[in-house]
1. Determine the shape class of the range 168-303: with a ≥ b ≥ c the square roots of the Cα gyration tensor eigenvalues, call it rounded for a/c under 1.5, and otherwise prolate if a/b is greater than b/c, oblate otherwise.
2. How much FRET efficiency would the formula 1/(1 + (r/R0)^6) give for Asn279 and Lys146, where r is the Cβ-Cβ distance and R0 is 51 Å, rounded to 0.05?
3. Take the alpha-carbon centre of the range 147-162, take the same for the range 1-49, and report the distance between them in whole Å.
4. Per-residue accessible area for His207 at 1.4 Å probe radius, Å² rounded to 10?
5. Rounded to whole Hz and in sequence order, give me ³J(HN,Hα) for the range 263-271 from the Karplus expression 6.51 cos²θ - 1.76 cosθ + 1.60, θ = phi - 60°, writing x for Gly and Pro.
6. Ignoring ligands, DNA and RNA, what percent of the 1.4 Å accessible area of the chain is carbon and sulfur?
7. In a GNM of the chain with a 10 Å cut-off on Cα contacts, which of Glu71, Glu256, Glu101 has the highest mean-square fluctuation?
8. Calculate the spin-label point distance for Thr5 paired with Arg86, positioning each point 7 Å from the Cα along the beta-carbon direction, and give it in nanometres.
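The values are calculated or read from the model by the stated rules, or taken from the named source; none is laboratory data. These numbers were taken from a predicted model, which means no experiment stands behind them. Because the Cβ atoms are built from the backbone with ideal geometry, glycine has one as well, and the counts that use them run over all protein chains shown. Quick note on the areas: whole protein, heavy atoms, side chains included, nothing else; ligands and nucleic acids left out. Shrake-Rupley method; radii C 1.70, N 1.55, O 1.52, S 1.80 Å.
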Amino acid sequence: PRIVTIGAAQMGPIARSESRPQVVERLIALLRQGAATGCELVVFPEATLTAFFPHWWIEDAAELDAWFEREMPSNETAPLFNEARRLGVGFHLGYCELVEEEGRQRRFNTAILVGKDGQVIGKYRKIHLPGHAEHEPWRPFQNLEKRYFEVGNLGWPVWRAFGGVTGMMICNDRRWPEAWRVLGLQGAELVLLGYNTPRHDPTTPQHDRLAEFHNHLSMQAGAYQNGCWVVGVAKAGVEEGIEQIGGSCIIAPTGEIVAQAITAGDELVMARCDLDAANPIKRNIFNFARHRRPEHYRMIVER
Ligand code: CDT
């Protein structure tokens, strides 16, 4: 077996007024819990460091930029990196990234993987941005990811890390089989992802009762159909009046949930994940080399 012990560090709501240092303190508390229970890797949610501001229409440019990180680590996030290094625990962190690239300011919904030495191993920028780009006042809250972020420009890389082949996606990506398959085709054995998922979808309120089901359905299918472990981590609970689902979990390559959060707050759940448990699936039912028929899949990339 190739065992890696992983913690899914669910976060409860973050108030609009909560500062980065206050949030980092909560992250460090979860990281320490993880270290104390033998975790080598702790996974934090999407946009971990602040309230999920795409829920609000923000016109002022400076006000918008204040929700983004210009460097990682920064003075405010360095204590998390330092503690990870001291404890010898790696982590996955989602944050909103503001960079100067191609001679202009660009904003991405980003996640990084950090090794036990506190060094960044890899970065992913969210590709499937949900929501809308204009103010839609009929909604009880906005979902302005299409306005505040650009589509990620790094593809879906994988890294040899934590004893296996590791990839990342972010929130809405998990609902798209293409995202899973691109990672699966590269042999991903471990997929890390964070999410901010409101219970209420103003476009399809009849599905509100299915929010948790669709969350787990997407991740369990991705795990099974690609033979990989999945660590899915929520920012949960009622944040500035908006209820977000929890259900953070660790899923085996069989699609079975092996650990699941039961609260809507800061909560660490962990599992001993045998990366070799992916082998029977990768070698048999989903042996891509033997069984895939890409000549019949062209439509997927052509429209
Ligand atoms: N953060 C994020 O991507 N949330 C979306 C909300 C979808 S609204 C229909 C999600 O897919 O969970």
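1. Details: a/c = 2.70, a/b = 1.45, b/c = 1.87.
Oblate shape, in that a/c is at least 1.5 and b/c is the bigger or equal ratio.
2. Working: r = 39 Å, r/R0 = 0.77.
Calculated value: 0.80.
3. About 20 Å separates the Cα centre of the range 147-162 from the one of the range 1-49.
4. Its heavy atoms expose roughly 80 Å² to the probe.
5. Karplus-based 3J(HN,Hα) across the range 263-271 equals 10, 10, x, 5, 7, 9, 10, 9, 8 Hz.
6. Roughly 52 percent, rounded to a whole number.
7. Glu101
8. Result: 2.0 nm between the two label points.
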